[in-house]
Amino acid sequence: MNFSPPFSTPAELQQQLRTRGYALLSPQSVAQLAGVTLAELDALRPGWDALPPDVHLKDGGKYRRRRHSSFVADGGELVPVPHRAHWQPVEYNALHGGMERWFEPMDEATVAAPAWRKLLGALAAISSQLKGPRPWFVEAHQFRIDTTDGIGRPTPEGAHRDGVDVVAVFLVAREGIKGGETRVFESDGPAGQRFTLAEPWSLLLLDDARVVHETTPIQPLAPGGHRDTLVVTLRAGGFQDA
């Protein structure tokens, strides 16, 4: 059984983040907040069709492809920074923490698209409303989890936090699979929520200090089954570095 996401309206977004530590937005609400059309967001989707393999998976799997780029969002401006490694401490990622992971950068066409800049600008504005205005150090990850191995693991590290301030998880595509249920839990309590993101550009927003999250494995329903996501993290004070 798939549980539908309990979407909030844009007007309810901040209250949900402050009271629960997370909020869910429909594709239509995402487009409204970013000031773009769904067609403009969908025009970004071909960028997921040419992702190189993730060569850092410690479980030996071949099911994940990804790209990674970094930016600074400040005062309505979004500035790309020189390509850098993705790094997390072991406290936040027991499987892949403590190692510099270099991924290919996002392609120039995606990063240059007006919808991309508006989308990240909206996330920075939401983060500033929640935490107070400041520069945001932004990491963007394009993921494709496929079923080449018979099973794909969106979060092989298990339930986790990311060590940032705000995490945004967009579903970009879901084709020929079952599974992939998202679960969000209080970091210091028993309360939780489970649901399945199914609509392209639906969004899960997380106050990273307050909740942990994970997504269950996927299995194929048809050849070529896969799940595409965009994960954007926003952190105050600087990037996480070794």
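The values are calculated or read from the model by the stated rules, or taken from the named source; none is laboratory data. Being a predicted model, the structure only gives us computed values, none of them experimental. Quick reminder, even Gly has a Cβ in these numbers, built from the backbone with ideal geometry, and neighbours come from all protein chains shown. For accessibility, only protein heavy atoms count, side chains too; no ligands or nucleic acids. Shrake-Rupley method; radii C 1.70, N 1.55, O 1.52, S 1.80 Å.
Summary of computed values
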quantity: Single unsatisfied condition, GLY176 versus (1) farther than 28 Å from GLN15 by Cα; (2) under 19 Å from the mean Cα position of the chain (by Cα); calculated: (2)
quantity: Scan of the stretch 165-189 for residues that are in a loop (DSSP other than H, G, I, E, B) and open to solvent by less than 20 Å² (accessible area, probe 1.4 Å), ordered by number; calculated: GLY180, GLU181
quantity: Residue match in the stretch 127-139 (condition: in a strand (DSSP E or B), at pLDDT 95 or above, open to solvent by less than 20 Å² (accessible area, probe 1.4 Å) and in contact with a His (Cβ under 7 Å, 6 or more places away or on another chain)); calculated: yes
quantity: Residues of the stretch 47-59 classified as closer than 16 Å to ARG174 by Cβ and open to solvent by 30 Å² or more (accessible area, probe 1.4 Å), total; calculated: 1
quantity: Residues located in the stretch 1-29, provided they are among the aliphatic types (A, V, I, L, M) and open to solvent by 10 Å² or more (accessible area, probe 1.4 Å); calculated: MET1, ALA11
quantity: Residues that are assigned to a strand (DSSP E or B) and not aliphatic (A, V, I, L, M), drawn from the stretch 208-242; calculated: HIS213, GLU214, THR215, GLN219, PRO220, HIS226, ARG227, ASP228, THR229, THR233, ARG235
quantity: Condition met for ALA39 (assigned to a helix (DSSP H, G or I), hydrophobic (A, V, I, L, M, F, W, C), open to solvent by 30 Å² or more (accessible area, probe 1.4 Å) and within 25 Å of ALA109 (Cα to Cα)); calculated: yes
quantity: Residue within the stretch 150-161 that is open to solvent by less than 10 Å² (accessible area, probe 1.4 Å) and within 17 Å of VAL30 (Cα to Cα) present; calculated: no
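Every residue, every condition in (1) under 29 Å from PRO82 (Cβ atoms); (2) at pLDDT 95 or above; (3) crowded, with 20+ Cβ neighbours inside 10 Å, yes or no:
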| position | (1), (2), (3) |
| --- | --- |
| SER202 | no, yes, yes |
| LEU205 | yes, yes, yes |
| PRO223 | no, no, no |
| HIS226 | no, yes, yes |
| VAL231 | yes, yes, no |
| ALA236 | yes, yes, no |
| ASP241 | yes, no, no |
